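Here the structure comes first, spelled out in structure tokens, and everything after it is commentary.
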Amino acid sequence: MTHPINRLALITYLTDDYDAAIAWFQSALDFVLLEDTDMGDGKRWVRMAPHHAAETAFLIAKAIGDQANSIGHQAGGRVGHFLFTDDFDGMYARMQNFGVTFRESPRIEPYGKVVVFEDLHGNPWDLMQPNKH
């Protein structure tokens with residue numbers, strides 16, 4: 001039996017302002033804007049990723065109605081996104097220079113070097129350089 005090839009393509013990221021989210025991801029995290037298509041009625045199809053060849057991207061979505069209550073709480077207060085890098089110190093310095101809020105100092109864990117930071121809405125993320133195996 002042939003199994004389908006599945007992949008995780010998009011993860012919704014809720015915001016209250018498309019342009020502010022685009023600017024933050026580009027400036028703070030060096031993400032690239034893959035697509036920004038006007039869908040009419042104030043809606044846009046905005047895709048961003050760490051680089052053009054990334055298999056998974058964010059769909060930047062403007063919260064509507066009660067969805068706005070989830071902005072800044074996308075993972076219920078837990079770290080919900082994990083940004084892996086092969087240059088932890090360089091990325092950490094870039095983020096510090098941009099004014100990203102860090103909840104702690106970088107630390108070494110059995111799985112690699114990590115620090116928790118907040119995105120533009122206060123969602124906690126991990127910046128991580130995994131150990132090489």
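Of the trypsin sites (Lys or Arg not before Pro) found in region 1-73, the ones in coil according to DSSP and having at most 14 other Cβ atoms within 10 Å of their Cβ are Arg7. Alpha-carbon geometry of region 9-79: the Rg and the Dmax are 12.1, 34 Å, given in that order.
Excluding ligands, DNA and RNA, the accessible surface per residue across the chain is 61 Å² with a 1.4 Å probe.
Here region 1-105 is treated with +1 on each Lys and Arg Cβ and -1 on each Asp and Glu Cβ, and its dipole about the Cα centre works out to around 260 debye. Size descriptors for region 60-127, from the alpha-carbon set: Rg then Dmax equal 13.4, 42 Å.
Over all orientations, region 9-133 has a Cα convex hull whose mean projected area works out to 8.2 square nanometres. Within the shell defined by Cβ-Cβ distances under 14 Å, the residues around Ala20 carry a net charge of -3, with Lys and Arg each +1 and Asp and Glu each -1. Starting from a Cα-only point model with no solvent, please compute log10 I(q)/I(0) by Debye for region 1-44 at q = 0.15 1/Å. For the requested q values the scattering log ratios are -0.54. Applying 1/(1 + (r/R0)^6) with r as the Cβ-Cβ distance of Arg107 and Ile64 and R0 = 35 angstrom yields a FRET efficiency of 0.35.
Of the GluC sites (Glu not before Pro) in region 1-107, the ones in a loop by DSSP (not H, G, I, E or B) with at most 15 other beta carbons within 10 Å are Glu55, Glu104.
The values are calculated or read from the model by the stated rules, or taken from the named source; none is laboratory data. Computed from a predicted structure; not experimentally measured. Glycine gets a Cβ as well: all are built from the backbone with ideal geometry, and neighbour counts include every protein chain shown. The protein model used for the area step is the full one, side chains on, heavy atoms only, and it has no ligands, DNA or RNA in it. Shrake-Rupley method; radii C 1.70, N 1.55, O 1.52, S 1.80 Å.
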